[in-house]
Number of protein chains: 2
Amino acid sequence: MAEPSHPEEASARRLMIISSDCHAGARPETYREYLPERFRASADAWWQAFEREMAKRAGTFFDQDSQEGFDKSRSVLEGGTAGEWDPAIRTRELEADGIVGEVIFPQMAPFGAGLMQYRTPIDPEQNLAGIRAYNRWLADLCNANPGRHAGVALINAEDVEDAVGEIRWAREHGLWGGVLIPASTGEHPYYHDPRYEPIWAICEDLDMPVHTHSGWSPDYGDAPASTAMFISEVSWYAHRPFTALLWSGVFERHPRLKLVMTEQGNSWVHDALRMFERHYDSPYFKYFHKDLSLRPREYFERQCFIGASFLHPEDCAERHRIGTQKLMWGSDYPHLEGTWPNTMDSLRRTFSEVPEDELRAMLGGNAAKVFGFDVGRLEQAAQKIGPTLEEIRASA
Amino acid sequence: MAEPSHPEEASARRLMIISSDCHAGARPETYREYLPERFRASADAWWQAFEREMAKRAGTFFDQDSQEGFDKSRSVLEGGTAGEWDPAIRTRELEADGIVGEVIFPQMAPFGAGLMQYRTPIDPEQNLAGIRAYNRWLADLCNANPGRHAGVALINAEDVEDAVGEIRWAREHGLWGGVLIPASTGEHPYYHDPRYEPIWAICEDLDMPVHTHSGWSPDYGDAPASTAMFISEVSWYAHRPFTALLWSGVFERHPRLKLVMTEQGNSWVHDALRMFERHYDSPYFKYFHKDLSLRPREYFERQCFIGASFLHPEDCAERHRIGTQKLMWGSDYPHLEGTWPNTMDSLRRTFSEVPEDELRAMLGGNAAKVFGFDVGRLEQAAQKIGPTLEEIRASA
């Protein structure tokens, strides 16, 4: 087992923990207030259809109440977790779990906006209204408690200028966590296409990290194995944008752009980089990297980060294949498959043998740098509610 | 470096090499003879459109003539390699490369049949005619030299009873190499759906291995990075069927069915199995394996094989993560990105430090068992044209 790098400091300073993977969402009736009058009736109808769809999934992963591993009193899909939308409860629950800062991803937002964007067909005008309602609601949530919530804005792939406008709005209204690009672009070309260039440009200019997060998959229909297919494949679809930005030269043209890939597993990174390095070295591939000044792994090193969520102990043991400076832990609050409200147990299971500097980086330091959290402010909070190094090293 | 397991035998017996990844295809005018009269004019038009599409790809990977790494005199896309369709030349070229048996996958066949099935929209009736033309032509090629060519039959995902009929025809007419299932099912449900059950049943009954092979991808359009996207993603789409057959219980219901996954990289196997094992152990996933009596890795061990093509030396070094009993080498003849006509150099680069028993298994023994090659017959040929162990261990 490795020694802490500064043993005399170890017990003195509590850990500043930032969760790089949390979720928030309003209730349908709350989004109503953030929608222009003309979209409200259709939004009500949309939510009703969504509820019917959820009801069909009884007995599956998505019906968490029916699953043995879940505590039924805390179902988020039923809206039973008020911290999902209430900033005071949210901060209290995060702090009770040892967390002082967070990056916020959506739940399902009106008109199919959010993590599953393009999973079902959209009406572009309605979908944009849903995106704007979510962003405005999220800005209010984040601004209720400044500096603690890095809210991530939504966009879609319909009109690139609309997306650019939304990114600008988000940056100016307190959503400094960055921008979630949908894992699918629907009927539009994928992210290797030049049409998205204005999005990369403004995200670089405004220092808005670009995020991908698992959620989208093709429609597997209602065969019994459909949910197992979803769980097995959803991560891969979430990191396709890395491939697209790499080979289309987005990292080359926008050297300050950051790409953050969250809740999509970790072990794929090593294999993907190795495959891309082999492609790069193949004589048949020369033509395809003629405009790239760096190698695949060098772009990754310079511009990419992994929202590792709660790492499997095996992934933690292999962390140096990716680099501890690239990995950001997350609790997935308030999802029931995440670590909340038992984050300490999870941290002990995964991190008990990790040296102090690496641990501080993965649990908060890396995220603080990527998102520009005010470290002085978070450290102050952390010294009240964060765990000590000894608490994480105690046997689980 | 490991010693050969039986040093005294090492130089005595030449290696029986079976390539588990070769390709064959006729010229358009030859397929014409295998098509019913009423499809001939439309087939001519289809090939003309295909040629125009190829011409648009000048300067890309698919235009192999323009690529530095390729020997221009041997372009297969231009039809310059007669071994692609001539059985006598084919056998001569394979033997000159040290190979006594092969598994044959298609080139582009009429009406979009073949490796890129469903890459462009099809007319179901025409496509089925194209599939039948290829299968009948391939049977003639294989039967010209019995026991040496394990031809793999084509099917599509349109009418399952048609596919079953085609599989039966193939088994009865000398295509004992198995059946290629397209990597995409077009507009039809994917392979986790029960509609394909008759295909798995007949393949198990007739001992026809089910193959997947890289080739299909989504349409990336004509953006500059499209080909790089294709090369980076095509392997993943090729092994999606493994996920589908696993979780939908196909391996459970058909314990003698074999799945062979060819030319799609190798390092993904370890990660995929690890991910599926973790899913299996998750409390939230119990519901999805309630009808499975084995674990993911156990089904893989029992029923799956990797057509590893020419392994990267790094993959060879990691071969025990997959198991040498699972890996089958292939030359990709007559493709120019394969090892032909310099197979010996490639074998030396990858296998020079591999113990004899593992080497014999990966280079031929495993394929002999999976496909039921007549080993006595192949060994006889191998003792004339196969390399010795010393030749492979000589420094490259």
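The values are calculated or read from the model by the stated rules, or taken from the named source; none is laboratory data. Only a predicted model underlies this, so the values are computations on that prediction, with no experimental measurement involved. Cβ sites come from the backbone with ideal geometry, for glycine too, and all protein chains shown count toward neighbours.
Considering segment A:329-346, the residues that are in contact (Cβ under 8 Å) with a residue 60 or more places away in the chain and part of a helix (DSSP H, G or I) include one that is surrounded by the most Cβ atoms within 10 Å (Cβ to Cβ), namely A:343.
No other residue among A:1, A:16 is over 25 Å from the mean Cα position of the chain (by Cα) and either at pLDDT below 55 or within 25 Å of residue A:375 (Cβ to Cβ) (or both) apart from A:1. Name the single residue, out of those in segment B:263-276 being under 25 Å from residue B:204 (Cβ atoms) and part of a helix (DSSP H, G or I), that is nearest to the other protein chains (Cβ to nearest Cβ). Residue satisfying both the conditions and the ranking: B:276. Looking only at residues of segment A:118-149 that are among the basic types (Lys, Arg) and assigned to a loop (DSSP other than H, G, I, E, B), we find that the one that is farthest from residue A:175 (Cα to Cα) is A:119. For first residues located in segment B:273-285 and touching a residue at least 24 places away in the same chain (Cβ under 8 Å) and under 21 Å from residue B:323 (Cα atoms), partners that are assigned to a helix (DSSP H, G or I) and charged (D, E, K, R) and lie 6+ apart or on another chain with Cβ distances below 7 Å form the pairs B:273/B:297. Residue check: residue A:235 meets all listed conditions (1) in a loop (DSSP other than H, G, I, E, B); (2) within 11 Å of chain B (Cβ to nearest Cβ); (3) not aliphatic (A, V, I, L, M) but one, namely (1). Has segment B:241-255 got any residue that is assigned to a helix (DSSP H, G or I) and either at pLDDT below 95 or of a type in the set (S, T, N, Q) (or both)? Within segment B:241-255 (the criterion being assigned to a helix (DSSP H, G or I) and either at pLDDT below 95 or of a type in the set (S, T, N, Q) (or both)), the answer is yes, since at least one residue qualifies. Scanning segment A:198-229 for residues that are touching a residue at least 24 places away in the same chain (Cβ under 8 Å), part of a helix (DSSP H, G or I) and more than 10 Å from every other protein chain (Cβ to nearest Cβ) gives A:198, A:199, A:200, A:201, A:202, A:203, A:204. No other residue among A:71, A:65, A:21 is surrounded by 12 or more Cβ atoms within 10 Å (Cβ to Cβ), more than 24 Å from residue A:158 (Cα to Cα) and modelled with pLDDT under 95 apart from A:65.
Taking the condition more than 21 Å from residue B:224 (Cα to Cα), hydrophobic (A, V, I, L, M, F, W, C) and in a helix (DSSP H, G or I), does residue A:260 pass? It is false that residue A:260 is more than 21 Å from residue B:224 (Cα to Cα), hydrophobic (A, V, I, L, M, F, W, C) and in a helix (DSSP H, G or I).
Take segment B:380-396 and flag every residue that is in contact with a Gly (Cβ under 9 Å, 6 or more places away or on another chain) and either without any contact (Cβ under 8 Å) to a residue 24 or more places away in the chain or buried (at least 18 other Cβ atoms within 10 Å of the Cβ) (or both). Of everything in segment B:380-396, those that are in contact with a Gly (Cβ under 9 Å, 6 or more places away or on another chain) and either without any contact (Cβ under 8 Å) to a residue 24 or more places away in the chain or buried (at least 18 other Cβ atoms within 10 Å of the Cβ) (or both) turn out to be B:381, B:382, B:386, B:387.
Okay, residues lined up against (1) more than 18 Å from residue A:256 (Cα to Cα); (2) under 16 Å from the mean Cα position of the chain (by Cα); (3) surrounded by fewer than 23 Cβ atoms within 10 Å (Cβ to Cβ):
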| position | (1), (2), (3) |
| --- | --- |
| A:120 | yes, no, yes |
| A:143 | yes, no, yes |
| A:163 | yes, no, no |
| A:201 | no, no, yes |
| A:221 | yes, no, yes |
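Scanning segment B:74-101 for residues that are under 17 Å from residue B:342 (Cβ atoms) and at pLDDT 55 or above returns B:81, B:83, B:92, B:93, B:94, B:95, B:96, B:97, B:98, B:99. crowded, with 18+ Cβ neighbours inside 10 Å and over 20 Å from residue B:260 (Cα atoms): does that describe residue B:171? No.
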